1. So, with a 1.4 angstrom probe, what is the percent of accessible area on region 50-117 that is carbon and sulfur?
2. Could you give the nm distance between label points at Glu68 and Asn56, where each point is 7 Å from its Cα heading toward the beta carbon?
3. Applying the Karplus parametrisation 6.51 cos²θ - 1.76 cosθ + 1.60 with θ = phi - 60° to the phi angles of region 53-59, what ³J(HN,Hα) value in whole Hz is obtained for each residue in order, glycine and proline being reported as x?
4. Report the relative contact order of region 33-117, percent, no decimals, based on alpha-carbon pairs under 8 angstrom and at least 6 residues apart.
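The values are calculated or read from the model by the stated rules, or taken from the named source; none is laboratory data. Since the model is a prediction, treat every value here as computed from it, not as a measurement. A quick note on method: Cβ atoms are made from the backbone with ideal geometry, for glycine too, and the neighbour counts reach across all protein chains shown. The protein model used for the area step is the full one, side chains on, heavy atoms only, and it has no ligands, DNA or RNA in it. Shrake-Rupley method; radii C 1.70, N 1.55, O 1.52, S 1.80 Å.
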Amino acid sequence: MAPKFLSLLVFTFSILLASSSIKASFAGWQEISNLTDPKVVEIGKFAVKEHNKRVNALLSFVSIVKGETQIVNGINYRLIISATDAVAANAESNYRVVVWDKSWKKERRLISFEKIA
């Protein structure tokens, strides 16, 4: 009786462990390996364009420095981007941005945009 119970316990624990790690990988952030992917660059440029509209800024997109995605009801992109500022003599700075994208419904929103010191 004890070996059967132990086997059942180990099996149940294995299933729970596997399902929790699968859930974690879907809920967590995944690093973007190709920062020059046209879709990722498009998201970065969108973030700068939206930020410029919202606060009447004159930033120009330069590149993606780092990025992660998260699958939600769509895809969250958390990017570190480099941009120049025409108001500050074209000084280049890094910014942390989050963009939510649901491309199959043509929906995209800038969630946050902040300068990194």
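1. Working: 1990 of 4070 Å².
Solvent-exposed carbon and sulfur of region 50-117 make up 49 percent of the total.
2. 3.5 nm
3. Using θ = phi - 60°, the values come out as 5, 5, 10, 6, 9, 10, 7 Hz.
4. Working: 160 pairs, mean separation 19.5, N = 85.
The value is 23 percent.
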